[in-house]
1. Which order do Arg103, Arg68 fall in if you start with the one that has the fewest other Cβ atoms within 10 Å?
2. For the range 49-184, would you read off the P(r) tail past 26 Å as a percentage of all alpha carbon pairs?
3. To the nearest 0.05, what FRET efficiency results for Leu8 and Arg147 with a Förster distance of 35 Å applied to their C-beta separation?
4. Could you give the nm distance between label points at Trp67 and Arg161, where each point is 7 Å from its Cα heading toward the beta carbon?
5. Run the quick spin-label model on Gln128 and Arg98: label points 7 Å from Cα toward the beta carbon, then report their separation in nm to one decimal.
6. Once label points are set 7 Å from the Cα along Cα→Cβ at both Ala84 and Ser59, what is their separation, rounded to one decimal in nm?
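Values quoted throughout were computed directly from the atomic coordinates according to the rules given, and no laboratory measurement underlies them. Bear in mind the structure is a predicted one, so any value in this text is a computation, not a measurement. Positions of Cβ are generated from backbone atoms using ideal geometry, with glycine treated the same way; all protein chains shown enter the neighbour counts.
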Amino acid sequence: MIGPGSALIAAVGLLLLIWIWIRADATSRELPLAPDEWLPGGGEDAEACLPEFVSRIFSGDDLAFVWRLDSPELKSQFRRERHAVALLWVQQTSAAVRRIMRRHLEASRTSQDLEFAVEVRVFLQYAQLRVICGGLFLLVGLAGPQRLRGMALYAHRLTQRIGGVLREFESGARAREISGAGPY
């Protein structure tokens, strides 16, 4: 049985999550939609976004510089812009991962020699990345992008890994098609 204190804490926590979600959603509505040409790799790969770029978006160095200028308007504008850029990166990364997994599923359907362990590992990485992107989306509004650098870099590395698995899978499938084509 849940006591009144626990219920109150749970209710406050739920309200806080709803408030964070609404703020993040409102901010994301101000962002332009991420068409495929904005996605990493021009719609094909997730490698166009360099780790240095991700590190810079989620770095606290720029914030420290703006803070030293002691301008309330500049601080406010910087926070809004950095939140928007961070949310756009999360949106693009999430869309790129969905596209990678869609391509992987399409390639898997035609493959004759799927390895169950590899497929499970890819799915678990995909699920982990979706949870991380959802968490980043919520936490950017709550904690600010500067405190999420490690999480963002991990998401970026995981996206690269999943994209690499897809490329290996597709190149192996093409090699098998070519070797199995033979003369007519």
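1. By the 10 Å Cβ count, ascending, the order reads Arg68, Arg103.
2. Summing the P(r) tail past 26 Å for the range 49-184 gives 39 percent.
3. Using R0 = 35 Å, I get an efficiency of 0.80.
4. Here the answer is 3.2 nm between the modelled labels.
5. Between Gln128 and Arg98, the label points sit 2.2 nm apart.
6. Calculated label separation equals 2.2 nm.
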